[in-house]
Amino acid sequence: MSERATATERRARRRRETTEEVLEVALAVMAESGAAGLSLGEVARRMGIRPPSLYEYFDSKNAIYDELFARGWRQLSQWMARYDAPLQRSSGIDEARKAATAAVLGFVQWAVEHPTYAQLMFWRPVPGFTPSAAAYRHAVEALDWVDRALRSLADRGFLRIDAGSDEAVGVLITMVTGVISQHLANEPAATFAKSRHCAMVPVLTEMFFNHFSTSEDPDDSHAGGAAATDTTRGSGQGHGGPDRRLRRAAARPG
């Protein structure tokens, strides 16, 4: 590698490192002052630089918010990837419910353990800030993960065929983000393990499974599983289920 190429690589590396430092310091300021309390002057002071120097890395405060929004959703998606295998290999209704409950708990756990990201991701706390299309794509990808998980459970007969519908995805997302919001609003200092609201997740997940059960009697779903799905698959008319050939429009979280 030439001397010029080496110097270019060093400059690129320093730029990446400084960009990451700006984001980490901004996150720390937001943790203390709230998402809307981000101050570029305070970020610069903590970094030991002049405020105008920040514009070499981000052209506005909203650009920092935008990158943190995308970064939060990327990190959450990476965290949730650990639940793919248990959901995919679940072979019975009880195992499927257990895997789904673990995944919902994992989603909530990440959010309550990263409350500054969660404010930006699940609320709209900053007047005038709207995520860019590029940043919002990461939120949509996370929602698509929920969609695929529900469709997989429905395809194997553990949920009604309409569990992959807009309604089902919306119910689950509303349930999960509601728990997160209640925790952050009412007991933000509590750990995930000690949170009264997080402790409700297994019950709420059970309610979701019972509502979208393949059986008219929720108790039967534990034993009936795939055998109870014969009248709900195919045309999609059982329990009002939509035709699976009709792809839903991508929903949007938060």
How high is the relative contact order of the stretch 1-59, in percent, with contacts defined as C-alpha pairs under 8 Å that are six or more residues apart? 25
Based on the Cβ-Cβ distance of Arg45 and Asp84, what FRET efficiency does E = 1/(1 + (r/R0)^6) give at R0 = 41 Å, to the nearest 0.05? 0.45
Run the numbers for Lys194 and Arg14: contour at 0.36 nm per residue of separation, minus the present Cα-Cα distance, in nm. 60.7 nm
May I ask for the net charge around Cys198, where only other residues with Cβ less than 13 Å from the Cβ of Cys198 are counted and Lys, Arg are +1 while Asp, Glu are -1? 0
What are the ³J(HN,Hα) couplings of the stretch 139-144, residue after residue, when phi is run through the Karplus curve with 6.51, -1.76, 1.60 and θ = phi - 60°? Round to Hz, x for glycine and proline. 5, 5, 4, 5, 5, 5
Mind listing which GluC sites (Glu not before Pro) in the stretch 116-216 are in a DSSP loop and have 14 or fewer other Cβ atoms within 10 Å? Glu216
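No value in this document is a laboratory result; all are computed from the given coordinates. Please read these numbers as outputs of a predicted model, since none were measured by experiment. All Cβ positions, even for glycine, are placed from backbone atoms using ideal geometry, and neighbour counts span all protein chains on display.
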